[in-house]
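Engineer: The structure follows.
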Amino acid sequence: AQSVTQLDSHVSVSEGTPVLLRCNYSSSYSPSLFWYVQHPNKGLQLLLKYTSAATLVKGINGFEAEFKKSETSFHLTKPSAHMSDAAEYFCVVSDNGAAGNKLTFGGGTRVLVKP
Amino acid sequence: ETGVTQTPRHLVMGMTNKKSLKCEQHLGHNAMYWYKQSAKKPLELMFVYSLEERVENNSVPSRFSPECPNSSHLFLHLHTLQPEDSALYLCASSQELASGYEQYFGPGTRLTVT
């Protein structure tokens, strides 16, 4: 079984300051992990993914995430927030032991960026 | 643009209507998915198709009926829906069904059942 917990439902940051979105997962096997972003009235866009290669993963738009097996975490960070980063972010796990590409989504973190 | 398109983008239907949602992927992928996104709830996987064959049906009510005529197209046929079925319906595709392949999402259809 697999599950994902996003520890903050809302995060508010000022433009130009760092962003940290926290995600913890559980998985019976070696997982693949993803972060997706959803802007209002849009579909989900892949930011980055981890699939058992380097534990520090760089994604689009300056985002990166670090896979920490000992902490079962996959937190998303960005050094300097931009107004366009205001959106909802989803941490997602795919259990590589299970049949098929079944993704389990976290509840989402809504990011507000203040000018 | 992710290479996955969905039509219509918005749909309002009565509980006795029949309508269909369409999804098309231009990525040459072999697997396609339907998800339901409701307010205050995590995304729910509804159906999974691989090479036009349904491989998963997550206890979805029979008033939702999927169809995958070829690997590029996916439909969701709707009939006698309930107000609680109002949601954003997202289509996605991935290169293969195997784990580790990222899914590419369409923009969704915002469905309102009156």
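The values are calculated or read from the model by the stated rules, or taken from the named source; none is laboratory data. Note that this is a predicted model, so its numbers are computed, not measured. Positions of Cβ are backbone-derived with ideal geometry, glycine not excepted, and every protein chain shown enters the neighbour counts. We work out accessible area using only protein heavy atoms, side chains counted, and drop any ligands, DNA or RNA first. Shrake-Rupley method; radii C 1.70, N 1.55, O 1.52, S 1.80 Å.
Engineer: Just a yes or no: is a residue in the range B:47-58 under 30 Å from A:ASP8 (Cα atoms) and either more than 10 Å from chain A (Cβ to nearest Cβ) or of a type outside the set (A, V, I, L, M, F, W, C) (or both)?
Structural biologist: For the range B:47-58, residues under 30 Å from A:ASP8 (Cα atoms) and either more than 10 Å from chain A (Cβ to nearest Cβ) or of a type outside the set (A, V, I, L, M, F, W, C) (or both): present.
Engineer: Here are some residues: B:THR109, B:THR114. Which one is in contact (Cβ under 8 Å) with a residue 24 or more places away in the chain and under 29 Å from A:LEU33 (Cα atoms)?
Structural biologist: Within the list B:THR109, B:THR114, the selection yields B:THR109.
Engineer: B:TYR104 is checked against (1) closer than 14 Å to B:GLN6 by Cα; (2) within 14 Å of chain A (Cβ to nearest Cβ); (3) open to solvent by less than 50 Å² (accessible area, probe 1.4 Å) and fails just one. What number does that condition carry?
Structural biologist: (3)
Engineer: Can you find a residue that is assigned to a strand (DSSP E or B), open to solvent by 20 Å² or more (accessible area, probe 1.4 Å), free of Cβ contacts under 8 Å to residues at least 24 places away in the same chain and closer than 19 Å to B:LEU97 by Cβ anywhere in the range A:39-53?
Structural biologist: yes
Engineer: Counting residues that are within 10 Å of the chain's Cα centre (by Cα) and closer than 12 Å to B:CYS91 by Cα, which strands (runs of 3 or more DSSP E) fully inside the range B:8-58 reach at least 2?
Structural biologist: Strands (runs of 3 or more DSSP E) meeting the threshold: B:18-25, B:31-37, B:44-50.
Engineer: Moving on to the next point. Is there a residue in the range B:21-31 that is within 12 Å of chain A (Cβ to nearest Cβ), free of Cβ contacts under 8 Å to residues at least 24 places away in the same chain and aliphatic (A, V, I, L, M)?
Structural biologist: no
Engineer: Do you know which residues across the range A:42-63 are in contact with a strand residue (DSSP E or B) (Cβ under 7 Å, 6 or more places away or on another chain), more than 10 Å from chain B (Cβ to nearest Cβ) and more than 22 Å from A:ALA81 (Cα to Cα)?
Structural biologist: A:THR55, the sole residue that qualifies.
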